[in-house]
1. Among the lysines, which have Cα under 18 Å from the Cα of A:Lys184 when same-chain residues fewer than 8 positions away are ignored?
2. Restrict the search to region A:32-129; then list the trypsin sites (Lys or Arg not before Pro) that DSSP places in a loop and that have at most 14 other Cβ atoms within 10 Å of their Cβ.
3. Which of B:Phe91, B:Phe54 comes first, and how do the rest follow, when ranked by fewest Cβ neighbours within 10 Å?
4. When chain A is treated as a GNM, springs tying every alpha-carbon pair under 10 Å, which of A:Pro109, A:Pro251, A:Pro125 comes out with the largest mean-square fluctuation?
5. Would you mind ranking B:Ser236, B:Ser18 by Cβ crowding within 10 Å, fewest neighbours first?
6. Treat the protein assembly as shown as a sphere of radius equal to its Kirkwood radius over Cα pairs and apply Stokes-Einstein at 10 °C in a medium of 1.306 mPa s; give the translational diffusion coefficient in µm²/s, rounded to a whole number.
7. Of chain A, which part is the longest with no chymotrypsin sites (Phe, Trp or Tyr not before Pro) in a loop (DSSP not H, G, I, E, B) and with at most 15 other C-beta atoms within 10 angstrom?
8. Which three extents, in whole angstrom, do the alpha-carbon atoms of region B:53-94 cover along their principal axes, largest first?
Amino acid sequence: MNVPRLNRKVKTAAGIASVYFTLLLIGFVFIYPVIYIVSYSFMDTEDLVNPLVRWLPTKLYIGNFSEAARVLDFAPTLMKTLIVTVLPSILQTISASIVGYGFSRFRFPGKKIMLAALLATFIIPPQVTMIPQFLMFRDLKLLETIWAFILPATFTQGIRSAIFVLIFYQFFNMLPRSLEEAAKIDGASTFKIFYRIAVPSATPAYIIAFLFSLVWYWNETTLTALYLGEKWATLPLKLQNFAVTFRRLYPADPYSVVGKNLNEAIVMAGTFLTLIPLLMIYFFTQSWFVESIDRTGITGE
Amino acid sequence: MRMKIRTREALQGLAFISPWLIGFLVFTLVPLVRTFWLSLNEVRVTASGIRTFFVDFKNYKDAFLTDVTFSGMLIDYALQMAVYIPVIISFSMAVALLLNLKIKGQGLFRTIFFLPVIISSGPVLAELTDKGAMTFEGLTNLGFLVNLQATLPPSIARLLAFAVGSFIVILWFSGVQILIYLASLQKIDRSMYEAARIDGASGWQILWKLTIPSLIPITFINIVYTIVTVSTFSTSAVIQKIQTDMYRPEKGLGYASALSWIYFLVMLAIIGMFVLINVIYRKKGGERS
């Protein structure tokens, strides 16, 4: 009598254990590079060549960080990166919300075609439009200025803008209109209704759009290199040229004590420094990222 | 009067979407056409501006006939897609199904699985791949795999080597897809599960007959998302070639424009293939019900 029940219990326990095992195994794949970066960035030259040291450095050597910070020109570069990512992200979020509201609440001729075009812009890779954009910014003397990022973001053609317009479009579609209609009867202007009623109720969509914009702008390198160039080189871009910059700062000279060789530990310390600002943002806001799709209902057809 | 209200509404709507309308024309549509026009020209950048010389489809011919690397890159790109799409889709679906189970630590696992979206910038990935942090050393040298590769036809062996070598990188493109699957899993009607259970369906049957079929529509969205993100990622060989050729005097902007249009068309062809599959699948589903 008791055997089948016990059997089932054992079965579910085994099931749960295997689920955890699989999740941990897969989770390890994602954590592994992070562990790798952290552990290598603390190794000194002895640890690097010591075959016994595999994961745990024998001591916490922080010299790599000071060298990497010098190569990345850390503090100024961080400031630049923040400006180049935060400003377009804010503008992109605001403009996407205005456009999304427009598509969601009003009837106008050509709306269906425009929505289709909006969807299509997601598929058009930036590489097909970047050369004429580059020439346009060049003619307007906007290359190497932040305007080359601000203008597309303001007109919802920034990095993956289409997704954000769609997020707001879906979100406003889900929102009941009764409050807005009541305000309309009371004689409030359309803009006031948007600003006073729609915007406050869309706070989750705003936060999510901003956070994703931030991450995507931060990680963008192709367009940043092309439009903003050396002058606004962001942390990821500096990391891309890490080896070159290092050799310029520390010319290799086998006989001198000053000359240093670029080793893995310094590169990893540089990578760590590049990642840490975003990781910190993620650490504090992760529930927004992870629950974003539940909160905005973007998967609703 | 009624007419007037409608006109007013239309005007207000157009006012709200005007940033998009302007942006779409200035930053997308016109550049798209202009890239195509440039691709039919030889473009010289001079101090006074750019000068174009019409050369018809020469740049396109050059890309396939003269350029030694480009065709190979496109083939590699197609191969990459053939590996990436099935791996990413099945992986993210499996992870979403696991994460959807009611277990402790769900939030922690979600946080970890979403980490790649935060970390994956081109240079960071390149640095990690470079240092071997993106492959498990043992995997590529497994005797079994080496033997298998020797017996398979070369093209398939290459595909396999590619899949093994960049396995972790592939998984790193799955973050958003996992989220999308998770969200749609949570939308499945609970009562359907109960009904299936009452009818005596086992967990396994429910998974294959109910849960996975209900994920099919969203799979199409995930496939398109995967194609777009992987194709436009900055470590892509074709994109890097476009960038370097832009500045090469013997190739220049015209040639780079042609390359980017070809790349775009190949990408569209791949997406189009899945659109077709999706349409056929939907039709079949419609006939059945």
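Taken together, the values in this text are just the output of simple stated rules run on the coordinates, not laboratory data. Small disclaimer: the values here were computed from a predicted structure and weren't measured. Cβ atoms come from the backbone with ideal geometry, glycine included; neighbour counts cover every protein chain shown.
1. The reachable lysines, counting only those whose Cα sits under 18 Å from A:Lys184, are A:Lys192, B:Lys4.
2. Numbers: sites: A:Arg54, A:Lys59, A:Arg70, A:Lys80, A:Arg105, A:Arg107, A:Lys111, A:Lys112; in loops: A:Arg54, A:Lys59, A:Arg107.
Loop-located and lightly packed - A:Arg54, A:Lys59, A:Arg107.
3. Details: B:Phe91 18, B:Phe54 10.
Listed from fewest to most nearby Cβ atoms, that is B:Phe54, B:Phe91.
4. For chain A, modelled as a Gaussian network with Cα springs under 10 Å, the answer is A:Pro109.
5. Working: B:Ser236 21, B:Ser18 14.
Ranked by crowding around the Cβ, least crowded first: B:Ser18, B:Ser236.
6. Working: Rh = 26.6 Å.
Answer from the Stokes-Einstein relation: 60 µm²/s.
7. On the way: sites that count: A:Trp55, A:Tyr255.
Within chain A, the longest run free of exposed chymotrypsin sites (Phe, Trp or Tyr not before Pro) spans A:56-254.
8. Reported extents, whole Å, longest axis first: 53, 19, 9.
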